[in-house]
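Let me begin by presenting the structure, written as structure tokens, before commenting on it.
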Amino acid sequence: MQILNRLPNSNRRVFMLQVATAAGLASVAAGASAQAMVSESDPQATALGYKADASKVDKAKYPKYAAGQHCGACALYQGAAGSSAGGCGIFAGKQVASKGWCSAFAKKA
Ligand code: SF4
């Protein structure tokens, strides 16, 4: 970074702050896009009967569903306890609603 040596000290400081800020914003943006919510219309979600609200599960189509089952109580849910959304081992790179459900539900031990 020879260009930095040519800048007065205050300009150098400002430049470094701008670089650090830009890098921070870029990582925040990357994190946000990596955590998009799973859409119910996503082909994989449709195939698994995923609903963001477990009370809306088609109980005739998924008789395995039982009241009280939801992503937050599933062994595949990766969100923190009490979180409203989190990752899921089935939907890589996306988040599911804690109150959601899909037919791959496996009760947390
Ligand atoms: Fe929710 Fe579990 Fe289905 Fe993932 S596998 S969507 S956490 S019920």
Seminar exercise, completed: Flagged in the stretch 70-88 as within 11 Å of the chain's Cα centre (by Cα) and under 18 Å from Gln44 (Cβ atoms), in numbering order, are Tyr77, Gln78, Ala85, Gly86, Gly87, Cys88
Exercise. Only one of (1) within 13 Å of Gln35 (Cα to Cα); (2) buried (at least 18 other Cβ atoms within 10 Å of the Cβ); (3) more than 9 Å from the ligand (Cβ to nearest atom) fails for Val57. Which number is that?
Worked result: (1)
Exercise. Quick check, is Leu7 among the hydrophobic types (A, V, I, L, M, F, W, C), surrounded by 12 or more Cβ atoms within 10 Å (Cβ to Cβ) and either in contact with a Ser or Thr (Cβ under 8 Å, 6 or more places away or on another chain) or modelled with pLDDT under 95 (or both)?
Worked result: yes
Problem set entry | Search result, residues across the stretch 60-71 that are within 8 Å of the ligand (Cβ to nearest atom) and of a type outside the set (A, V, I, L, M, F, W, C) | Gln69, His70
Problem set entry | Unique match (being more than 12 Å from the ligand (Cβ to nearest atom) and under 18 Å from Gln35 (Cβ atoms)) among Gly89, Gly93, Gly79 | Gly93
Exercise. If you scan the stretch 96-109, which residues turn out to be in a loop (DSSP other than H, G, I, E, B), within 7 Å of the ligand (Cβ to nearest atom) and either free of Cβ contacts under 8 Å to residues at least 40 places away in the same chain or within 14 Å of the chain's Cα centre (by Cα) (or both)?
Worked result: Gly100, Ala106
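The values are calculated or read from the model by the stated rules, or taken from the named source; none is laboratory data. Just so we're clear, the structure is a prediction, and the values are computed from it rather than from any experiment. Backbone-built Cβ (ideal geometry, glycine too); neighbour counts: all protein chains shown.
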